[in-house]
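**Student:** Below is the structure I would like to discuss, written out as structure tokens.
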Amino acid sequence: MHENKIIGIEPAELMEKAQKFKDEGYRLVQICVTKVDGFELSYSFDKDMDMTTLRMTIGEEVEIMSISNIFFPAFLYENEMKDLFGVKITNIVLDFNGNLYKVAQKTPMNPKN
Amino acid sequence: MGKRTIIPFGPQHPVLPEPIHLDLVMEDETVVEAIPSIGYIHRGLEKLVEKKDFIEYVYVAERICGICSFMHGMGYCQSVEHGMGLEIPRRAEYLRTIWAELSRIHSHLLWLGLLADGFGFESLFMHSWRIREKILDIFEATTGGRVIFSVCKVGGTRRDMSNDTLKDIVKTLTNMEAEVKELCDVFVEDYTVKSRTVGVGVLTKQEAHDLGAVGPMGRASGLPSDMRLLGYAAYDDLDFEPIIETAGDSYARTVVRIREIYQAIDLIKQAAAKIPDGEISVKVTGVPNAEIFERLEQPRGEVIYYTKGIGTKFLERVRVRTPTFANVPPMIKTLQGCDLADVPILILTIDPCISCTER
């Protein structure tokens with residue numbers, strides 16, 4: 001039976017945890033955001049088909065660091081989170097500055113906008 | 001360093017069935033960098049979960065993609081069922097497996113045709129799609145639809161297959177194998193095909209892992225990743241190994257998909273022989289109140305269905321990470337250093353589905 005677990009972390013722990021997963025040979029599976037009171041972010045990693053998801057909740061105005069300099073494919077997910085939800089992410093290796101998705105309305109997945 | 005120019009590739013291009021845009025930074029005829037942009041067909045399907053209840057949303061999920069429509073419905077249903085602790089009948093799991101593997105055959109044959117079209121081998125393209133029609137006929141006979149089936153529902157399936165139908169499917173696939181072999185021998189052995197694919201767009205195993213390649217894109221580079229090994233649906237009862245190649249080039253990606261057609265035929269035969277009698281669905285009571293990350297192996301690779309229920313009939317979140325989305329970074333890597341003339345083939349070899357990617 002393969003694992004599929006969610007672990008809660010603090011935003012300040014994200015980079016350290018991501019680097020640890022990288023060093024241990026994990027693959028970035030996906031990143032997603034859910035609009036709650038703020039944002040609920042989920043970073044999923046896989047090794048030998050066991051999946052671990054790091055979960056953190058942040059306020060809408062909180063800036064978080066990109067993990068794309070650790071896991072390059074993260075740039076796509078992070079640009080998507082910026083474009084569709086308005087999550088504030090800094091240091092993305094390939095930052096489209098809100099222009100990855102050609103949407104008529106800004107941050108359409110974030111009801112407040 | 002020569003003079004650099006930027007060539008826009010897409011969103012409308014003869015080899016692209018769907019719109020993706022790349023800015024190709026060129027030095028003479030060589031691609032130095034490829035910068036993707038998407039969003040031309042973003043439909044906000046994840047947002048629709050606010051308006052469709054968890055039973056209705058399966059119809060939305062199926063419309064994410066016209067090629068792996070069934071497997072999107074299946075992934076969504078599995079995620080909700082696991083979140084609700086719902087155990088569906090074993091026969092329904094077998095039926096889902098059969099339709100899923102039929103979808104894999106039709107998707108790979110469609111892709112082979114597009115690849116042939118991409119390098120101008122029109123008769124090969126037509127033969128690929130001619131054989132694919134037989135799979136669509138099976139879909140029509142068993143579900144009533146050729147593209148969108150709506151046979152998957154939360155709690156099981158809407159339709160059953162009789163024993164005679166299963167025998168007919170096995171007979172059709174057995175007869176089809178010879179035609180598939182005749183077709184695929186051209187892809188594997190023909191000089192002109194090999195000249196466009198062998199050694200083109202090499203992705204090493206390490207690169208495939210680091211860049212998150214999934215499905216045939218990763219397996220052609222030696223990654224033994226296949227979500228069917230998780231044992232969902234009836235796969236835990238079936239005997240199979242992931243199809244692996246190691247060269248990591250366009251030819252290896254073609255060979256993996258060809259071998260997966262034979263593998264899918266074998267899996268359908270196994271499932272048809274082992275399918276148990278019984279009900280095809282259970283009554284659904286209650287509402288989802290849990291979150292689940294569900295993973296399946298679509299024809300293009302690993303898909304993630306994340307559903308989060310909050311104890312109402314509307315889910316708080318549905319998130320779909322499609323295989324093409326994951327394969328964009330590896331595609332960018334394979335484009336770096338390639339000739340301009342190889343760009344269409346390299347984009348095709350990830351089997352891009354932009355409709356899926358943008359949702």
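Please treat every number below as a calculation from the coordinates, not as lab data. The structure presented is a predicted model; accordingly, all values stated were derived computationally and were not measured. A quick note on method: Cβ atoms are made from the backbone with ideal geometry, for glycine too, and the neighbour counts reach across all protein chains shown.
**Student:** Using a Cα-Cα cut-off of under 15 Å, which aspartates and glutamates could be cross-linked to residue B:51, ignoring same-chain neighbours fewer than 8 residues away?
**Tutor:** Within the straight-line limit of under 15 Å, residue B:51 reaches these aspartates and glutamates: B:316.
**Student:** What is the ratio of the Cα radius of gyration of chain A to 2.2 N^0.38 Å, where N is its residue count, to two decimals?
**Tutor:** That works out to 1.05 for chain A.
**Student:** Can you run phi through the Karplus equation (6.51, -1.76, 1.60; θ = phi - 60°) for the range B:309-317 and list ³J(HN,Hα) in whole Hz, with x for Gly and Pro?
**Tutor:** Each residue of the range B:309-317 in turn: x, 10, x, 10, 6, 9, 6, 6, 8 Hz.
**Student:** For residue A:12 and residue A:24 in one chain, what is 0.36 nm times their gap in residues minus the Cα-Cα distance, to one decimal in nm?
**Tutor:** Roughly 2.3 nm would be gained on extension.
**Student:** On a 0 to 90 degree scale, rounded to 10, what angle separates helix B:69-84 from the longest Cα axis of chain B?
**Tutor:** Relative to chain B, helix B:69-84 is tipped by roughly 50 degrees.
**Student:** Enumerate by residue number the trypsin sites (Lys or Arg not before Pro) in the range B:1-78 meeting two conditions: DSSP loop (anything except H, G, I, E, B), and at most 10 other Cβ atoms within 10 Å of the site's Cβ.
**Tutor:** Answer in residue order: B:3, B:51.
**Student:** If you average the sequence gap of Cα pairs under 8 Å that are 6 or more apart and divide by the length of chain B, what percent do you get for the contact order?
**Tutor:** 25 percent.
**Student:** Using a Gaussian network for chain B with springs between C-alpha atoms less than 10 Å apart, which of these wobbles most: B:178, B:92, B:234?
**Tutor:** Comparing B:178, B:92, B:234 in a Gaussian network model of chain B, the most mobile one is B:178.
**Student:** Counting only residues 5 or more places away or on other chains, whose amide H sits under 5 Å from the amide H of residue B:26 once H atoms are built in the peptide plane?
**Tutor:** Here B:5, B:6, B:7, B:32 satisfy the definition.
**Student:** In addition: Excluding same-chain residues fewer than 8 positions from residue A:88, which lysines have a Cα within less than 19 Å of its Cα?
**Tutor:** Counting by Cα, and skipping residues close in sequence, residue A:88 has these lysines nearby: A:35, A:102, A:106, A:112.
**Student:** Relative to the longest principal axis of chain B, what angle (0 to 90°, nearest 10) does the C-alpha long axis of helix B:250-274 take?
**Tutor:** Rounded to the nearest ten degrees, it is 20.
**Student:** What does the average come to when, for each residue of peptide B:100-110, you count the partner chain Cβ atoms lying within 10 Å of its Cβ?
**Tutor:** That average works out to 0.
**Student:** Please report Rg (one decimal) and Dmax (integer) in Å for the Cα set of the protein assembly as shown.
**Tutor:** Calculated on Cα positions, Rg and Dmax stand at 21.7, 69 Å.
**Student:** Give me the base-10 log of I(q)/I(0) for chain B at each q in 0.15 Å⁻¹, Debye formula, one uniform scatterer per Cα, rounded to two decimals.
**Tutor:** Treating every Cα as an identical point scatterer, log10 I(q)/I(0) equals -1.31.
**Student:** Given a Förster distance of 41 Å, report the FRET efficiency between residue B:279 and residue B:241 from their Cβ-Cβ distance, rounded to the nearest 0.05.
**Tutor:** 0.85
**Student:** What's the long-distance tail for the range B:219-359, i.e. % of Cα pairs beyond 26 Å?
**Tutor:** That tail contains 41 percent of the Cα-Cα pairs.
**Student:** Applying the Karplus parametrisation 6.51 cos²θ - 1.76 cosθ + 1.60 with θ = phi - 60° to the phi angles of the range B:226-238, what ³J(HN,Hα) value in whole Hz is obtained for each residue in order, glycine and proline being reported as x?
**Tutor:** 8, 5, 5, 5, 5, x, 6, 6, 9, 5, 5, 9, 9
**Student:** Towards the positive end of the charge dipole of the range A:4-90, with charges on Cβ (+1 Lys, Arg; -1 Asp, Glu), say which of A:87, A:41, A:31 has the farthest Cα.
**Tutor:** A:31
**Student:** Cross-link candidates for residue B:274: which aspartates and glutamates have Cα within less than 14 Å, leaving aside residues fewer than 8 places away along the same chain?
**Tutor:** Partners within reach: B:93, B:236, B:237, B:239, B:266.
**Student:** Let me ask another. Using 0.36 nm per residue, how much length does the chain from residue B:198 to residue B:28 gain when fully extended, once their Cα-Cα distance is taken away?
**Tutor:** Difference between extended and current length: 58.9 nm.
**Student:** Separate question: Rounded to the nearest 20 Debye, what is the dipole magnitude of the protein assembly as shown about its Cα centre when Lys and Arg each give +1 and Asp and Glu each give -1 at the C-beta?
**Tutor:** That gives the protein assembly as shown a dipole magnitude of about 1020 debye.
**Student:** For the pair residue B:6 and residue B:181, what calculated FRET efficiency results from E = 1/(1 + (r/R0)^6), where r is the Cβ-Cβ distance and R0 = 35 Å, to the nearest 0.05?
**Tutor:** That gives a FRET efficiency of 0.20.
**Student:** Along the charge dipole of chain B, pointing to its positive end and built from +1/-1 on Cβ of Lys, Arg, Asp and Glu, which listed residue (B:251, B:223, B:355) has its Cα farthest out?
**Tutor:** Farthest along the dipole direction, towards plus: B:355.
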